[in-house]
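Down below is the structure, laid out as structure tokens.
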Amino acid sequence: MAAYERVLVEITGGIGTVTLNRPEKLNALDRALCEELREGLALLTRSDAVRVIVITGAGRAFCAGADLGVLAADGPALVAAGKEVALAIRAAPQPVIAAVNGPAAGGGANLALACDYRIASDRASIGQVFLKLGLVPDWGGTFFLPRLVGPSKALELVWSARMVPAEEALALGLFDRVVPHAELESTAYALAREWAAHPPQAVRRVKEALYRSEASSLTAALDLEIRQQTELFATPEARERIAGGASLAKRSR
């Protein structure tokens, strides 16, 4: 376990966990938390022992966004940190799951949206509250939000600056699954263990391909599939699994 204060980082059974750890401030973002979050993500994404990453919050919130007590002085630094964190999550070779345990607002909402998959407690909520401060979405919100809900709904969510409850967020596609609060941790880690059991090279390549497809032509996507599949056919994991599948098919005839 890494020795940080504002985030907790641990690796257990191939799953790396980053827990935002300012529960008394609803895990609001300040310079120190952002720095530790960047370092914690770097530690996990570079580790061959980590197959899946889970990001969550301590206490009753996921992340309340920027700490208003330091925003006036540190706003530009917090916004810049959001770029680094969002890029680190999308470039991570591992799946990154947000276990949204409570309110996710502003930059905290977009930290969740940057993740590959979002499991939320039925007590969670998510909101683009920036206009309440006369600001616009950061931490990737202008990129992630319209891709999930469409441009017109994205504008409504930003202009209303409202917190969206869990069930509505699920219907909109902001959350991928909503579970009873008491089941959030067990559900998130069950999914993480399931994904961690897959060959990591294949997991990494499919994440890369799907995100690259957002800006690719069909031809480019097909060419990337061919390159990736050719590489994976040569891996020991694929050869073993293909051979096992062929053997099973013979026995079932």
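The values are calculated or read from the model by the stated rules, or taken from the named source; none is laboratory data. Quantities reported herein were computed from a predicted structural model and do not represent experimental measurements. Cβ atoms come from the backbone with ideal geometry, glycine included; neighbour counts cover every protein chain shown.
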- If we scan segment 122-134, do we find a residue that is loosely packed, with under 14 Cβ neighbours inside 10 Å and on the phi < 0 side of the Ramachandran plot? yes
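Tell me, which strands (runs of 3 or more DSSP E) wholly within segment 103-146 include 2 or more residues that are touching a residue at least 24 places away in the same chain (Cβ under 8 Å) and within 16 Å of K83 (Cβ to Cβ)?
none
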- Task: Determine, yes or no, whether V9 is touching a helix residue (DSSP H, G or I) at 6+ places or on another chain (Cβ under 6 Å), under 24 Å from A202 (Cα atoms), at pLDDT 95 or above and buried (at least 19 other Cβ atoms within 10 Å of the Cβ).
- Result: no
- State which residue is farthest from the chain's Cα centre (by Cα) when the search covers only segment 195-246 and only residues that are closer than 23 Å to I15 by Cβ, touching a residue at least 40 places away in the same chain (Cβ under 8 Å) and part of a helix (DSSP H, G or I). R241
- Task: Inspect all residues belonging to segment 177-190 and state whether any of them is assigned to a loop (DSSP other than H, G, I, E, B), under 23 Å from N27 (Cβ atoms) and not assigned by TED's automatic domain parsing to the domain that holds R212.
- Result: yes
- Task: Considering only residues that are surrounded by 14 or more Cβ atoms within 10 Å (Cβ to Cβ) and assigned to a helix (DSSP H, G or I), look in segment 156-166 and name the one that is nearest to the chain's Cα centre (by Cα).
- Result: A166
- What are the residue pairs meeting all of these: first residue in segment 55-73, first residue closer than 23 Å to D122 by Cα, second residue in a strand (DSSP E or B) and polar (S, T, N, Q), Cβ atoms under 9 Å, and 6 or more apart or on different chains? I55/T17; I55/T19; T56/T17; T56/T19; G57/T19; A58/T19; F62/T56; F62/S121
